[in-house]
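Laboratory data are not the source of any read-out in this text; all were calculated from the coordinates shown. Keep in mind it's a predicted model, so treat the numbers as computed, not measured.
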Amino acid sequence: MAVSESGLAFGEALMGCDVPILARIRNLSTGGYAIAADLSSVNYSIYDIKSAPAVLLNGPTALTIAQVWYDSLQGANFADFRWKTDTVGYNFLWIAPPSAFYVAGAPAAQDFRVQLRIVQNDGRTIGARGNLRIRATDQPW
């Protein structure tokens, strides 16, 4: 799932597989791309959106900034096959484990919302979210 600066994305993944969550995030104060030194925390939450209202399944859970943030854009000009949004690239990458999306007794396809809450050192909060469908099928190749 890739999130551009619009903050909304849609993706699909296979049940039981890692899910790469990619985003390009700007610093709200400077307008430049956010770097790790700009940030005080990064958290994710995952919601089951099959039901209304959406149900929180996981989170908010802290991520280690140094493990998910790049100070320069990655995957420009489609150099990373996971980034299909545009030719600019991303500065956030979290490989979400299958356990983050676990729902006991889930049907063959399940819909989720992944929500990121990024807090800058100056206290300003950046939000990004995207919808994701996890399906239980054989890999298409």
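Points worth noting:
- Its alpha carbons give region 2-135 an Rg and a Dmax of 14.7, 46 Å.
- For residue 57, distant residues with modelled amide H under 5 Å away: 46, 47, 48
- Amide H contacts of residue 34: 25, 26, 27, each under 5 Å away and 5 or more positions distant or on a separate chain (H built 1.01 Å from N in the peptide plane; Pro and chain starts excluded).
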